[in-house]
Structures are given as structure tokens and as C-alpha cells.
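Here's the structure, in C-alpha cells; my notes come after.
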Amino acid sequence: MFSMRKRRQAASFGRVLPVFPIVLAALAALAPDLSLALDPGLAAPTTGTHRGAPVAAIAGAGLVLAAMAGLIVVILTSRRLKTSSLFNRLFIIVAVTSGFFSAVSSAIGFSLITSQENDDLFRNAILPPAFGAFVFFLAVAIWVGGAEFVRNRDWFRGAGRGFGADMLFFAERFVKLFVVIPILAAILFFVSTWTTVVGVGGVDAVRHTYQFEIARVQAECAGITGYRQRDFLFLADLRLSVNDAARAAETERAVGALSGSAGAGAVSDYFDGLASWYGALEDSVTAIIDAEHPSGVDPYASDICAERADRLTALLSRNAFDNIDLWSREFEAAFNDFVSVLNRWRHDRRIEILLDQQLSSFARANPKPNPARLSAAQRDAIDRYADDVESSLRSLIRSQKLAKPPVPLPSAAELSPARGLDIIGELFAEPPPPAPEERVSRTQAVVAAEFVPGLSTISPRDAVLKNANIFSDIWALAISWDYAAYVLMFAFLFFPSAERAPGFKDE
């Protein structure tokens, strides 16, 4: 009689189970829209939506809630389960609902791991819901079927009744509950819990890493633009030097301050010519600063760092569940494009190269008059004036070379390069002893070899491992979903009568 009732209970439960793969497939197909329903800020409001969420997402959520409500009603009110206790019925509800929602999140996580940017129907549309259905039935088989497995005697069926038989049955249940079920639970961890964590927290973990990278590149931008602002200080110094040279030429023409011969002549013409050459050099430097930068981005704009950081943050906040590969590629391309711009700003030596070229050609371009036609005082005045201009130019070049961009900040990948299984070893490995600080002279060759690192790309599966301490609540949620039923199973070990309703305890 009792076995017949058990079969009726299983048949009643079996009529309910086929509903869930259908609901799961529908929900997995609507997963991107459902993410919009849960977070309307991920996309702009669409016509015919409520708070920016597509109607299909709301319908999918309603379908899930209706299925859950139907399951609860069937289990709590079914006359075929009248021999089951309230605890047993609620245990079935917990096991099935946890398996269902774990299956949904596992399907999302599986899609994040396997999906491709191109149109691959099998990988992108069929595999994730199929994997979710697999997870659902695996969880139900382990917990609901495992509970049935723990309840019934297998090794000591002929032991009869009494204290000894009860102890043998207790030992059998102990082995099942603490050896067999944990082995099955370990399989469920790798199949379900891991993909659940990726599905729930994978994208947020990637965003956490990329937010660090955005902050890093914004700090790099601030340092490099500050370095480039020194071009204006250099231009001001050059302008003062040019004005000094022009003033010396005017003074020589007016009163003959250096040569002792006022008025037009060889000395004043030389002074005027060299002052004009020096002024043309200033104009060339001004043209370099005022012209459009070869990178296409103005390094002297006051808000360029904040504007680019806001643009990257906007790309990062877009919905990643619709197409994770496209989302990652677009952000990586924008990030690395800006890093390329920063590196071009760092290594922009056009002003320095121009000054070096003009200094090296100064002797050739120096329009000194024929010494045979000059007096000793005039030759001395011309030589001193030429030396002053050349010395000023050398001083400016030296100050330009001494100004160096800041040392590049380490990227997230440089700070923690482990990926894949190496992350687990990194979590438990002892930190290496701090390396002794090594002072490196930042010569021109060293600065030329320095580059701002690109984006430290990371996948959702690696991000949740690397940031496990930050996303510990996600891990706790996934473990609770998958193993709450296991904790409830302990009642079947220590309180065997917990499975049967009053009036059926001794059957």
C-alpha cells in the first residue's frame, strides 16, 4: 500500500516536471530582455514598455511566477501527497525551485562563457537553454531523487525492527548522506554553482576590473596632459628669449650698446637678421602647439580626460547580456584607442627635435658678416650676441629635455597576471617578499621605452574568481541555491519520521 502511494506521489510530481523545461527555454531566450526588466537603466525606454522593460520580459517573468505558483499549489494541495508531511512537501518545493532558478542563472552564465559575436544559432541560442534544462534535471535528480535514495533501506532490508536495525539503517543513511550525496553535489558544483556565479556576477566582476582600468587611464591622462601643459611654459620662455634678442637688436641700432656704433650698419643688420631668425623659430613652435595634434585629439583641452573617461564608462554600463563579445570588443577598442593617443602624447618630441635641428644648424644659418670689414669691437659684439642667442637656445632645449612624462601606472594584468586555474593557486599562495626598490635613471632611452599599458582584458569566468572576495555574496547566493536542499536532507537522517504526515508515521 505504501509503495503504491509513493508511486502515485512520483507520478503526480512527474506531471509537473515537464512544465519547467518549457518555461526554462522561454526564460533563457528572454534572458537579455529580463536583465533589462530588472535594470531598466541598461537601455533606453522602448515603446510599449513599462519603465523601459520590454513587454516580452514582463511576460517571461510572469510565466516564471505562474509556473512557481502552480507548482506550490500542486504540491501543497495534491491528494496523492496526503501521506507526505508538510516538511516533505516544502522540501520538494525548495529543491525544485532552487534547481529552477539555478538553471536559469546557469543558462545565462553558460551563454556568457560560450557565446560568440557572430550569428551562431547553435552556440548562442540553443546551447544555453539546453544547458539550463540539463542543470534543472540534474539538480532535481540529485536533491529530490537523492532524498528518496536516502529515505529507503537498501543494505539491511531484512534486519526487521528494533534498536539494532535502526542503528544499521542510521549507518546506511549516514553513508548515503555524507559520502554518496556529497560526490553528486561536487558534480553539481562544477555544473551548476560555477555557471550560476558566472551568470549572476560575471559581468559585474568584469565591470569592476574595467572600472579600475578606466580610473588608471584617467590618472595617466591627467599626468600626461599636465606634462604637455609644460609646452606653454616653454613657449613663454622662448618668447621672452626672442623678445630679449629683438630688444638687444633695437638697442644696438639705437645707441650701439655692444659695438659702440649706433645706426644702420653691419652689426645692426646682423642683430636684426638673427633676431628675425629667432622669431621665426618661435613662430614654428607656436604653429606646432596651435595645430591639430597628429593623434587627432587635442592634448591641451582642459576636459579631455573627464570626457574620455565618461565615454568609456558609458560603454561599460551598456547591456552586456545581449552580446557579451560585442560589448567587450567595443569597450576594448575604445579603451585601447585612447591608450594609443596617450602614448602618442607621451612620445611627442616634435618641439624638441625642431630645436635640436635648429641648434645643430645654427652655425650654418648664422649670417655673420665678413670679419675683414669689421672692427675688433664690432666682431666682439657680433660674437657675444651670437653666443647669447645660442646659449639661450641650448638652455631652452635642456629644460625641454629635463621635462619628462610621469612613469606609466601598472595595469590590472601587471598587478595580478594570473588567469584561469592559476587564479585559484594565487588565492592560496603566500605573497612573495617585497622586491628591493631599484632606482632607475630615467634617461631619454628609458622614457622612449615606456608605454601606457592597454586594457587588461578578462573574461566573466576569470573575473568572478579573481574578485571572489568582493563578490562573496554572489558565491554565497549560488551555494545557497544549490545546497539548501542538502541541509534539509539532514532531517531525514536524524528524524526519519519527518517525511510522513500524521497518521502515517508507522507505515
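The values are calculated or read from the model by the stated rules, or taken from the named source; none is laboratory data. No experiment lies behind these values; they were computed from the predicted model shown. FYI the Cβ positions are ideal-geometry reconstructions off the backbone, even for glycines, and counts take in every protein chain you see. Heavy atoms of the whole protein, side chains included, go into the accessibility calculation; ligands, DNA and RNA do not. Shrake-Rupley method; radii C 1.70, N 1.55, O 1.52, S 1.80 Å.
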Original post:
Condition test on Ala205, is it open to solvent by 10 Å² or more (accessible area, probe 1.4 Å), closer than 30 Å to Asp322 by Cβ and modelled with pLDDT of 90 or more?
Top reply: no
By residue number, the members of region 411-448 that are assigned to a loop (DSSP other than H, G, I, E, B), open to solvent by less than 60 Å² (accessible area, probe 1.4 Å) and either touching a Phe, Trp or Tyr at 6+ places or on another chain (Cβ under 8 Å) or hydroxyl-bearing (Ser, Thr, Tyr) (or both) are Ser411, Ser416
Here the residues within region 95-123 that are open to solvent by 50 Å² or more (accessible area, probe 1.4 Å) and in a helix (DSSP H, G or I) are Phe101, Ile113, Leu121, Phe122, Arg123
Flagged pairs (Cβ under 7 angstrom, 6 or more apart or on separate chains; first in region 392-415, at pLDDT 85 or above and polar (S, T, N, Q); second surrounded by 13 or more Cβ atoms within 10 Å (Cβ to Cβ) and part of a helix (DSSP H, G or I)) are Ser411/Glu213; Ser411/Arg216
Among Ile187, Ile142, the single one that is open to solvent by 60 Å² or more (accessible area, probe 1.4 Å) and modelled with pLDDT of 85 or more is Ile187
Expected output for region 287-305 (first residue within 13 Å of Asp231 (Cα to Cα), partner open to solvent by 30 Å² or more (accessible area, probe 1.4 Å) and aromatic (Phe, Trp, Tyr), Cβ below 8 Å, 6+ apart or cross-chain) is Ile289/Phe232; Ile289/Tyr300; Tyr300/Phe232
Quick check on Ile479: is it assigned to a helix (DSSP H, G or I), of a type in the set (A, V, I, L, M, F, W, C), surrounded by fewer than 16 Cβ atoms within 10 Å (Cβ to Cβ) and under 35 Å from the mean Cα position of the chain (by Cα)?
yes
